[in-house]
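The values are calculated or read from the model by the stated rules, or taken from the named source; none is laboratory data. This is a predicted model, so every value here is computed, not measured. Every residue, glycine as well, gets a Cβ built from its backbone with ideal geometry; the counts of neighbours run over all protein chains shown. Note: areas computed on protein heavy atoms with side chains; ligands, DNA, RNA excluded. Shrake-Rupley method; radii C 1.70, N 1.55, O 1.52, S 1.80 Å.
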Amino acid sequence: MTNATPSIRFLNTLTRRKERFTPIEAGKVRMYTCGPTVYDYAHIGNFRAFLFEDLLKRWLEYSGYKVTHVMNLTDVDDKTIRGSQKQQIPLKQYTQHYANAFFEDIKKLNIKPATHYPKATDHIPEMVTLIKTLMEKGYAYKSQDGSIYYAINKFKNYGKLSHTKIAELKTGARVKTDEYTKEEAQDFALWKTWTPEDGDVFWETDLGKGRPGWHIECSAMSMRYLGETFDIHCGGIDNMFPHHENEIAQSEAATGKKFVNYWLHNEHLLVEGRKMAKKLGNFYTLRDLLGKGYDPIAIRYLLLSTHYRQQFNFTLEGLDAAKSAIERLRNFTRRLQDANGKESEGKVASALHVVQTGFGCAMDDDLNVSVALGALFDFVRDVNALLDAGIVSKKEADSVYTVMQRFDTVLGIIGEVEQEEPLPKEAKDLIQKREEARKAKDWAAADALRIRLREMGVVVEDTPQGAKWHLEKTD
Ligand SMILES: [Zn+2]
């Protein structure tokens with residue numbers, strides 16, 4: 001579709017209100033999502049965020065927008081440096097391994113690639129320029145050890161995203177680590193002067209010998225690729241403070257302009273009812289789950305089927321249910337391809353209207369995917385009933401198929417459901433024989449024939465309309 005409709009609404013974390021989405025430039029969306037810190041394999045909590053962002057991007061594209069999506073790779077910070085030292089390999093080699101793993105993982109989950117994946121280490125000059133601007137404008141200062149800090153009391157809107165009140169700020173209280181809590185809101189490091197613990201990780205710049213803090217990279221890289229003001233910024237709720245708060249402080253102080261119009265945050269993930277933690281034995285990377293034999297598309301479905309702003313409890317049973325939900329959609333799509341019944345006299349058209357409206361309205365309403373999926377499964381049930389009754393014509397089935405494929409550009413779970421190949425004559429004869437055996441109530445013979453067909457890769461199922469067959473998947 002090319003006609004972007006202005007009907008999408010998002011809950012904007014900045015205002016805590018649901019707002020109608022209006023992009024800066026008509027028909028185009030510029031969006032930034034915080035990417036992985038490439039120091040380990042990403043876990044399913046990370047993927048919940050990446051899948052929510054994928055769903056958001058796909059919905060915007062479905063609605064006719066052209067999306068420019070930037071996701072950074074954090075390849076220098078406290079964690080990556082510590083990790084590479086532990087393994088005694090150069091930082092670049094260490095982070096490259098996990099960056100490659102990340103790209104393999106998102107491919108398995110059918111996450112559409114971003115337009116740009118800038119790495120922090122490739123954008124040091126942009127960060128240095130930004131920090132210099134902040135110093136010139138009086139928002140940043142050098143401490144005695146040579147590190148540079150952001151003075152949060154200079155930025156009057158500090159706390160506007162996370163609603164943190166900086167009431168009793170101790171002048172000069174500073175935090176050098178990248179991660180800290182709201183209670184510890186202090187001046188944070190923009191540039192960390194080199195210390196022996198950093199080993200060979202440093203850059204010689206106008207700011208001295210050192211490395212950037214974590215927060216500055218997202219300000220520098222988002223503005224480099226998307227401009228000083230852009231449409232959407234997403235991330236997990238954990239990143240709202242301090243990371244996103246600091247991004248706003250850095251960017252808006254430097255440019256004097258609004259940084260981002262819509263902030264969207266996804267909620268936490270629980271696993272088996274508890275916060276995911278290695279010591280609780282409920283910590284899963286994607287690789288852990290694939291190693292147990294779970295289907296990546298079932299993982300995709302499960303992680304995106306709950307509304308992003310709701311806390312979500314991940315369970316292994318949930319994965320089994322996800323698998324059967326996907327199978328239901330795939331079987332339905334497959335079934336449409338050999339529908340050749342009577343015209344439904346408007347029943348199919350009316351069901352199509354209902355599902356398109358229901359799915360669309362739900363997704364437009366701050367990506368309410370669980371309601372959208374509810375509408376979709378109601379539709380599948382209704383059309384299946386029509387197919388059972390033999391009242392879906394070929395033409396009607398084709399239009400249903402087209403709509404299913406279009407929904408799947410958003411969901412990414414059905415995939416290519418191949419047209420059935422014609423059956424070899426031998427198999428046709430066996431099916432015919434089996435039908436005769438069934439009519440004669442010779443169940444033993446019917447079962448034996450079913451087994452022979454199975455050996456030929458033909459799966460036969462008995463339905464109220466007689467036997468149906470499909471070729472067994474060979475992958
Ligand atoms: Zn970020």
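Key figures
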| quantity | calculated |
| --- | --- |
| Amide hydrogen neighbours beyond the local backbone of Ser147, cut-off 5 Å, H modeled | Thr193 |
| Asp320 accessible area, 1.4 Å probe, all protein chains in place, Å² to nearest 10 | 90 Å² |
| Cα-based Rg / Dmax (Å) for the stretch 1-125 | 17.0, 54 |
| Calculated FRET efficiency for the pair Glu461/Thr133, C-beta based, R₀ 56 Å, to 0.05 | 0.25 |
| FRET efficiency estimate (nearest 0.05) - Cβ-Cβ, Asp320 to Asp145, R0 60 angstrom | 0.65 |
| Debye intensity ratio I(q)/I(0), log10, the stretch 127-199, q values 0.18, 0.21, 0.23 Å⁻¹ (C-alpha model) | -0.75, -0.99, -1.14 |
| Loop trypsin sites (Lys or Arg not before Pro), the stretch 73-171, which have at most 16 other Cβ atoms in a 10 Å radius of their Cβ (DSSP) | Lys137, Lys156, Lys160, Lys165, Lys170 |
| Cα gyration tensor shape for the stretch 119-162, rounded if a/c is under 1.5, else prolate or oblate | oblate |
| In nm, spacing of pseudo-spin labels at Ile89 and Leu471 (7 Å Cα→C-beta vector) | 4.2 nm |
| The stretch 330-475, relative contact order in percent, only Cα pairs under 8 angstrom and at least six apart counted | 23 percent |
| In order through the stretch 141-146: 3J(HN,Hα) via Karplus (6.51 cos²θ - 1.76 cosθ + 1.60), integer Hz, x for Gly, Pro | 9, 8, 8, 4, 7, x |
| Karplus-derived HN-Hα couplings along the stretch 447-452 (A = 6.51, B = -1.76, C = 1.60, θ = phi - 60°), whole Hz, x at Gly and Pro | 5, 4, 5, 4, 5, 4 |
| The stretch 236-314, accessible surface, carbon-and-sulfur percent (1.4 angstrom probe) | 46 percent |
| Cβ-based charge dipole, the chain, positive-most Cα from Leu329, Ala467, Leu373 | Leu373 |
| For the chain, alpha-carbon Rg over 2.2 N^0.38 Å | 1.19 |
| Full-stretch length increase - Gln337, Asn153 - with 0.36 nm per residue and alpha-carbon distance subtracted | 59.8 nm |
| Nonlocal amide H pairs with Glu19, under 5 Å, H built at 1.01 Å | Phe10, Leu11, Asn12 |
| Carbon + sulfur, % of accessible area of the stretch 1-132 - ligands and nucleic acids excluded, 1.4 Å | 52 percent |
| Beta bridge orientation in the chain: antiparallel %, DSSP, nearest 5 | 50 percent |
| Per residue, in Å², the accessible surface of the chain once ligands and nucleic acids are set aside, probe 1.4 Å | 47 Å² |
| Protein accessible area in the stretch 315-388, 1.4 Å probe - carbon and sulfur % | 53 percent |
| Highest average packing first - 339-345, 387-393, 67-73, Cβ atoms within 10 Å | 67-73, 387-393, 339-345 |
| FRET efficiency estimate (nearest 0.05) - Cβ-Cβ, Asp288 to Thr409, R0 25 angstrom | 0.25 |
| Label point 7 Å beyond Cα of Ile166 along Cβ direction - residues of the stretch 242-284 with amide nitrogen under 12 Å | 245-250, 253 |
| DSSP beta bridges in the stretch 172-311 [antiparallel fraction, %, rounded to 5] | 50 percent |
